[in-house]
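Taking it in order: structure first as structure tokens, then the write-up.
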Amino acid sequence: MKYMNRSITFCAGFLVLASLVPGCSIRRNMYDQPKFEPYEKSTFFGDNRSARELVPGTVPVGHLQEDDALYRGRDAKGDFLTEIPIEVTREVVLRGQNRFRIFCTPCHGESGYGDGMIVQRGFKQPSNYHSDDLRSNPDKPVGYIFDVISNGFGVMSGYSYQLKPEDRWAVVSYVRALQLSQYASAANLPEEDRTHLEALEHDDHD
């Protein structure tokens, strides 16, 4: 009886092992099946390339970007937008300030006068946000600023890779806030802020 149990155990183990061998073989064959590696040369096609060109107009899933206002800063006629196409809240402006300090201040400076650190080191000075040309030129509305951030201008490279569209618009909102900060009228301030400002001016005169 003892020997019979050993025989049964051995046979069962052998059957299990035998059943696994075809599976391993099939898996190995699938792994080693004929295929082209990336950039591998091929004589099948006339251009000797194994990879085929994408069909014209091919767009990755989720990247169609049909909204010209959001993604390109232009209206249906192709003109630059005069209004920011997302809701501008305090959080959006603060997000723009954060992105601006990371990506823009090295050239444009903290206040947008074009006096960033790399300019102080001898590099070409970028545009001054507070010039009449960028502050009040009707030909350079918010859509224009968005386009420059996205695609670059002159020696400035585009930041569409580093900043998603919503962040680029947040930066635009912060640039407008910077411009307003340098030309805002005291009459437009809340009464509490005007009183505080007048107190500071009075102290300076004393």
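Just so you know, all these numbers are worked out from the coordinates, no wet-lab data involved. Because the structure is predicted, anything quoted here is derived from the model rather than measured. Heads up, the Cβs are rebuilt from the backbone with ideal geometry, glycines too, and the neighbour counts pull from every protein chain shown.
Here the calculated FRET efficiency for Leu197 and Asp133, from their Cβ-Cβ distance with R0 = 22 Å, stands at 0.15, rounded to the nearest 0.05.
Panel order for Lys35, Lys164, by other beta carbons found within 10 Å of each beta carbon, from fewest to most: Lys35, Lys164. When the chymotrypsin sites (Phe, Trp or Tyr not before Pro) in segment 94-201 are filtered for DSSP coil states and for at most 11 other beta-carbon atoms within 10 Å of their beta-carbon, the remaining sites are Tyr161. Sorting Ser173, Ser150 from the fewest to the most surrounding beta carbons within 10 angstrom yields Ser150, Ser173.
Which of the aspartates and glutamates could a cross-linker span from Lys35 if the Cα-Cα distance has to be under 19 Å and same-chain partners fewer than 8 positions apart are dropped? Hits, sequence-local ones excluded: Asp47, Glu53.
For Gln33 and Val55, the FRET efficiency from 1/(1 + (r/R0)^6), where r spans their Cβ atoms and R0 equals 25 Å, is about 0.45. Basic side chains Lys and Arg get +1 at the Cβ, acidic Asp and Glu get -1 at the Cβ, and with that the dipole of segment 68-205 about its Cα centre reaches some 860 debye. With a Förster radius of 30 Å applied to the C-beta separation of Arg74 and Gln120, the computed FRET efficiency comes to 0.30.
Extension gain, Leu189 to Glu91: 0.36 nm times the residue separation minus the Cα-Cα distance gives 33.2 nm. Loop-located trypsin sites (Lys or Arg not before Pro) across segment 120-151 with a Cβ neighbour count of 15 or fewer within 10 Å are Arg121, Lys124, with loop assigned by DSSP.
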